Amino acid sequence: MSHAPSAVCKCSMLDFTLLDSTLATYKNIDGSLITVLQKAQEIYGYLPVDLLQHISKEMGIKPAKVMGVVSFYTQFRSKPVGKHLISLCKGTACHVLGAGAIEQAITESLGIKDGETTPDGMFTLANVACLGCCSLAPVMTIGNETYGNLTTDSTKEILKQLNRPAL
């Protein structure tokens, strides 16, 4: 027995079928919306409105509730991000120990501010409330790597290394 595949969105050209197995697994499980949204973001890199509408329809959840969850949790992104997502901690310890100077070093090195992506799509800067690494303050993560005890010089060097073409 076959079922009709999900629609391919014409406006963003996302292939919704990539999410079919996740939706099939979780659509009838109460409280599974966050899990579905996490998987969708893992697949597509972000959560555009048309994808959220598709998830809403397939899971039988009102669009306002889906949008509310996405806007409430900072882990969800509604815009595409660069290849390297820089999360800069702006919590108390990081603030006191120089997160502002680290942000300035990032801005000078990459030409972007909080929430922006470099024109080449390599880097996105996202200031976050806390990364939970207070003993490493000031701290940032880039992808799955954590960089602590940052200085403006070490920050610029890290960015320079990531921006080098692979040999």
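The values are calculated or read from the model by the stated rules, or taken from the named source; none is laboratory data. These figures come from a predicted structure and were not determined experimentally. Quick reminder, even Gly has a Cβ in these numbers, built from the backbone with ideal geometry, and neighbours come from all protein chains shown.
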**Request:** Kindly indicate whether L162 is among the aliphatic types (A, V, I, L, M) and either touching a Leu at 6+ places or on another chain (Cβ under 9 Å) or buried (at least 17 other Cβ atoms within 10 Å of the Cβ) (or both).
**Result:** no
**Asked** If S32 satisfies every condition in (1) at pLDDT 95 or above; (2) out of contact with any Phe, Trp or Tyr (no Cβ under 7 Å at 6 or more places or on another chain); (3) of a type outside the set (A, V, I, L, M, F, W, C) but one, which is the exception?
**Response** (2)
**Asked** Can you name the residue in segment 34-44 that is buried (at least 16 other Cβ atoms within 10 Å of the Cβ) and touching a residue at least 24 places away in the same chain (Cβ under 8 Å) and is also nearest to A126 (Cα to Cα) among such residues?
**Response** Q41
**Asked** Which residue out of L47, L18 is more than 16 Å from the chain's Cα centre (by Cα), closer than 24 Å to T117 by Cβ and at pLDDT 95 or above?
**Response** L18
**Request:** Say whether the condition of being among the acidic types (D, E) and in contact with a strand residue (DSSP E or B) (Cβ under 9 Å, 6 or more places away or on another chain) is met by at least one residue in segment 117-132.
**Result:** no
**Message:** Considering only segment 156-167, I want to know if a residue exists there that is closer than 30 Å to L51 by Cα and either outside the structural domain of Q41 (by TED's automatic domain parsing) or outside any helix (DSSP H, G or I) (or both).
**Reply:** no
